Structures are given as structure tokens and as C-alpha cells.
Amino acid sequence: MAGASPAKKVLVPIANATERIEAVIIIDVLRRAGADVTVASVEKQLRVEACNGVIIADVLISDCRKSVFDLITLPGGVLGAANLKNNEVLESLVKKQAADGKPYAAICASPAMAFGPWGVLKGLKATGHPLYMEQLASSAIAVESRVQVDGKAVTSRGPGTAMEFAVALVEQLYGKEKADEISELVVMRSNHGDEYIITELNPVEWTPNDSPKILVPIANGTEEMEAVMIIDILRRAKANVVVASVEDQLEIVASCEVKLEADVLLDEAAKLSYDLIVLPGGLGSAPTFAKSEKLVNMLKKQRDSQRPYGAICASPAVVLEPHGLLKGKKATAFPAMCDKLSDKSEIENRVVVDGNLITSRAPGTSMEFALGIVEKFLGRKEAIESAKIMVFVHP
């Protein structure tokens, strides 16, 4: 494009114990909007042990010392926020960002634990995780909003508000039209804070047990927001989640270039049996799943033994449908892929459970999808409790 403005430069610092859902949603949504996002580790190495799983950073924070950014945005996580707060390079970058009148943002524990002590919220309205509101009140005008913008400071509450937060950051950088386009693309819900709804047909009990064993395959091109929300929310609910790479190495590069790490290769994972096998989406990885004979056979065996299986986004249409795994079942998928489903009668629903099958639509429905799985194994009370802690549902 002639005369296209250069991409906006964004810094997302990460640390050990960073809240991975928040980090990945922020990175992914901003990259979709066209931003040049640098993921910087404040640890001594690029590989960061975030909450519930690994993220591999692009650079070390020390490499960013002299860089200039259009936006600096901190994910949360209690210990993660403390690790960010203790990094002097990051502290000076954020203080300079605020002094220069440029956007800076934080979510969850980070507004109270990092921005507060750094003095960059003085006299400004800010929000944060419900557990940190009292602490926040000592360094800002604490408000209960899901996302709060005051001047150039943007703050938010938790994993369950991370997508709204990321879309608000897109609006800060690119304007409302771009923000709306992204919300629509990811199928973000509009009734933020309300209890989620799953549509259930032919209900059967999913053998509840204290820690269901769940397989989540990933591959290059996997939709990272979907994968991370599924994995992390199920791990929070004490499920035993095995993340298996369908590639020939553990590290994969997801659809918006976030680098994730599997626990095992699929060959290793295939030796065990699972209470649920659930596929994240991604136009890049769904064909890889569909071509994996081992994975397809595991899914067929799962169905034949009446054990639960599920998929979201491109995967119901590209993996399950062509292999006959939706036969006689109602399902949904990514809006643009729904024409591939032979039964389209329930596609408008955000999460569809039909017997032992659960399907869903997009990154913006992933949290509801993961909570629907928690609900099927552990009951609605447990799922809503989890949704409230994440501030997906009003606490």
C-alpha cells in the first residue's frame, strides 16, 4: 500500500508466573490489528514459565532499553506482576511512556502491583482484579469498570476481561472502526459479565471425576487464544491436561506467531486414554490435525467408546466433519466455515453440546467453550465460580 503508516510498535513484557491467558490474548489481538508486537522476557531467558504453561518470548527486556513504543501493556498474574514490577528496565520504559504522554496499560494484579508503586496512576481512574482493589486505591482512583481508560492509561480486571481490554487497546492505537472489526472477527460476546450459556441437546452425563484427563493437540498455526484458554481454564479446574504436539518437535509457532510448547509429542500421548480430546482451531493447524492418522484414529476411538470429544473454530469443519465425526450430531464452527457442516441447524449458538460432543465458534467463544467443558465434568456451580474468579462473569 502506498503511504501506509508504519505498524504501531507495542511492548508486551512477560515473566515467570505471568497470567498466560491475558498475555496471549493481548499479543494476538494487537497483532491481528496490524501492530508490531514485541514479547519481551524480564527473566534471564526467553522461555517463560507462565501460569499453566510456557510462552517463549521474542527478546529479552534488556534488548528493549533504547526502543520507543506506541504502547506498553502489562499482563497480570499475582507473582507475574511482582516479577514485572521488580524489573528496572521495564519500570523506566513505563515511566518514560507516561511522561511522554503515550499509551500504557495493565491488567489484573499489575495496575496495583506495578503501575501503583511506579506512580503512573496518580490522580487517574483505574481498575484491576477484585482482590487488588484496596491496594489500587492507595495509588489511583479505583473504579470497578471491566476496562477503564483515563488519559493514556488503560487498565482492566482479569483473564475474563482480557479480550475487551485488548480490543480497547486496538481502539487507542487504530480507532473504533478497527476495534469493531476485530471484535466481530473473533466473535467476541457483547453481553460482558453476564453468565454464559451453552446449548445442550441429547444430554448425557460426562463421567465426572475429580481430575478428568484431557488431551489438547496443538500444531503450527494453531489459534493460540483458543489453545491457551482451553488448556489454562481446564488446568485451573484441576483437570489433568496433556498438550501434545502434532509436529515433530514440542515448540510450535501459533497463528499469530506466539511460540508455545507442548508437554509431549502426539506419539507419546497416544499411549494413554483420555476422558476428553479437544481440538483448538486455526486455519493453519486444522488441516495438520485432519491429516494425522494417529489423531483421527484416537478421535474415532473416543467416539466409538462413547467418550467425550470436542473442537472449536475451523476444527469442527475441517477435522471432524470430513472424517464422519459429526454424523448425526448438531455442531457449530467458525462462521465462515459453517457451510462445510452438513447439519447447520444449531450453528448460531456459541457453544453446542450434543451428547458426548462439544463444539464452538472462535477465539471470542473460547472461554465459554472451556467453561462449558468444566461444567460438563464438574457442574455449573464450579464453572461459574471459575468464571467469577477470572472476572468473565461479574464477581
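Return a yes/no flag: does segment 158-173 have any residue that is within 24 Å of Ala237 (Cβ to Cβ), in a loop (DSSP other than H, G, I, E, B), open to solvent by 10 Å² or more (accessible area, probe 1.4 Å) and not acidic (Asp, Glu).
Step one: of segment 158-173, the residues within 24 Å of Ala237 (Cβ to Cβ) are 158-166.
Subsequent filtering for residues that are in a loop (DSSP other than H, G, I, E, B) retains 158.
Those left that are additionally open to solvent by 10 Å² or more (accessible area, probe 1.4 Å): none.
The answer is no, given that none of the residues of segment 158-173 is within 24 Å of Ala237 (Cβ to Cβ), in a loop (DSSP other than H, G, I, E, B), open to solvent by 10 Å² or more (accessible area, probe 1.4 Å) and not acidic (Asp, Glu).
If you take the residues in segment 197-220 that are surrounded by 22 or more Cβ atoms within 10 Å (Cβ to Cβ) and outside any strand (DSSP E or B), which one is modelled with the highest pLDDT?
Top of the filtered list is Ala219.
Hey, among the residues in segment 50-77 that are surrounded by fewer than 17 Cβ atoms within 10 Å (Cβ to Cβ) and out of contact with any strand residue (DSSP E or B) (no Cβ under 8 Å at 6 or more places or on another chain), which one's farthest from Met133 (Cα to Cα)?
Among residues in segment 50-77 that are surrounded by fewer than 17 Cβ atoms within 10 Å (Cβ to Cβ) and out of contact with any strand residue (DSSP E or B) (no Cβ under 8 Å at 6 or more places or on another chain), the one farthest from Met133 (Cα to Cα) is Lys66.
Based on this model, can you work out whether Val149 counts as assigned to a strand (DSSP E or B), open to solvent by 10 Å² or more (accessible area, probe 1.4 Å), assigned by the TED database to the domain that holds Ala40 and aliphatic (A, V, I, L, M)? Explain how you work it out, then say what you get.
Details: assigned to a strand (DSSP E or B): yes; open to solvent by 10 Å² or more (accessible area, probe 1.4 Å): yes; assigned by the TED database to the domain that holds Ala40: yes; aliphatic (A, V, I, L, M): yes.
Considered against the rule, which asks whether it is assigned to a strand (DSSP E or B), open to solvent by 10 Å² or more (accessible area, probe 1.4 Å), assigned by the TED database to the domain that holds Ala40 and aliphatic (A, V, I, L, M), Val149 comes out as yes.
Here is a check on your reading of the model: is Glu268 surrounded by fewer than 16 Cβ atoms within 10 Å (Cβ to Cβ), within 20 Å of the chain's Cα centre (by Cα) and farther than 25 Å from Gly158 by Cα? Write out each step before concluding.
Numbers: surrounded by fewer than 16 Cβ atoms within 10 Å (Cβ to Cβ): yes; within 20 Å of the chain's Cα centre (by Cα): no; farther than 25 Å from Gly158 by Cα: yes.
No.
For His192, which of the numbered conditions (1) of a type outside the set (Val, Ile, Thr); (2) in the same structural domain as Val374 (by the TED database); (3) surrounded by 15 or more Cβ atoms within 10 Å (Cβ to Cβ); (4) under 19 Å from the mean Cα position of the chain (by Cα) fails to hold?
Among (1) of a type outside the set (Val, Ile, Thr); (2) in the same structural domain as Val374 (by the TED database); (3) surrounded by 15 or more Cβ atoms within 10 Å (Cβ to Cβ); (4) under 19 Å from the mean Cα position of the chain (by Cα), His192 violates only (2).
Looking only at segment 347-392, how many residues end up being crowded, with 20+ Cβ neighbours inside 10 Å and outside any loop (DSSP other than H, G, I, E, B)?
27
Answer yes if at least one residue in segment 262-270 is closer than 23 Å to Val318 by Cβ, in contact (Cβ under 8 Å) with a residue 12 or more places away in the chain and among the β-branched types (Val, Ile, Thr), and no otherwise.
At the first step, the residues of segment 262-270 found to be closer than 23 Å to Val318 by Cβ are 262, 265-267, 269-270.
From what is left, the residues that are in contact (Cβ under 8 Å) with a residue 12 or more places away in the chain are 262, 265-267, 269-270.
Adding the requirement that they be among the β-branched types (Val, Ile, Thr) leaves none.
Scanning segment 262-270 turns up no residue that is closer than 23 Å to Val318 by Cβ, in contact (Cβ under 8 Å) with a residue 12 or more places away in the chain and among the β-branched types (Val, Ile, Thr).
Might you check whether a residue that is touching a Leu at 6+ places or on another chain (Cβ under 7 Å), modelled with pLDDT of 95 or more, under 30 Å from Pro395 (Cβ atoms) and open to solvent by less than 30 Å² (accessible area, probe 1.4 Å) occurs anywhere in segment 128-139?
Taking segment 128-139 first, the residues touching a Leu at 6+ places or on another chain (Cβ under 7 Å) are 128, 139.
Remaining after also requiring modelled with pLDDT of 95 or more: 128, 139.
Going one step further and asking which of them are under 30 Å from Pro395 (Cβ atoms), we end up with 128, 139.
After this cut, where a residue has to be open to solvent by less than 30 Å² (accessible area, probe 1.4 Å) as well, the list is 128, 139.
Checking segment 128-139: at least one residue is touching a Leu at 6+ places or on another chain (Cβ under 7 Å), modelled with pLDDT of 95 or more, under 30 Å from Pro395 (Cβ atoms) and open to solvent by less than 30 Å² (accessible area, probe 1.4 Å).
In the set Met298, Met229, which member is part of a helix (DSSP H, G or I), open to solvent by 10 Å² or more (accessible area, probe 1.4 Å) and in contact with a helix residue (DSSP H, G or I) (Cβ under 9 Å, 6 or more places away or on another chain)? I'd like the intermediate steps shown before the answer.
Numbers: Met229 fails: open to solvent by 10 Å² or more (accessible area, probe 1.4 Å).
Just a single option satisfies the conditions, and that option is Met298.
Could you give me the residue pairs with C-beta distances under 8 Å whose first residue belongs to segment 21-32 and is not assigned by the TED database to the domain that holds Gly160 and open to solvent by less than 10 Å² (accessible area, probe 1.4 Å), whose second residue is in a helix (DSSP H, G or I) and small (Gly, Ala, Ser) wherever it lies, and which are 6+ apart or on separate chains?
Short answer, once both residue conditions are applied: none.
Being surrounded by fewer than 24 Cβ atoms within 10 Å (Cβ to Cβ) and touching a Cys at 6+ places or on another chain (Cβ under 8 Å): is that true of Lys344 here?
Judged against the criteria, Lys344 is a match.
The values are calculated or read from the model by the stated rules, or taken from the named source; none is laboratory data. Given the structure is predicted, the values throughout are model-derived calculations rather than measurements. In this analysis, Cβ positions are derived from the backbone assuming ideal geometry, glycine residues included, and neighbour counts consider all displayed protein chains. Calculation scope for accessible area: heavy atoms of the full protein, side chains included, ligands and nucleic acids excluded. Shrake-Rupley method; radii C 1.70, N 1.55, O 1.52, S 1.80 Å.
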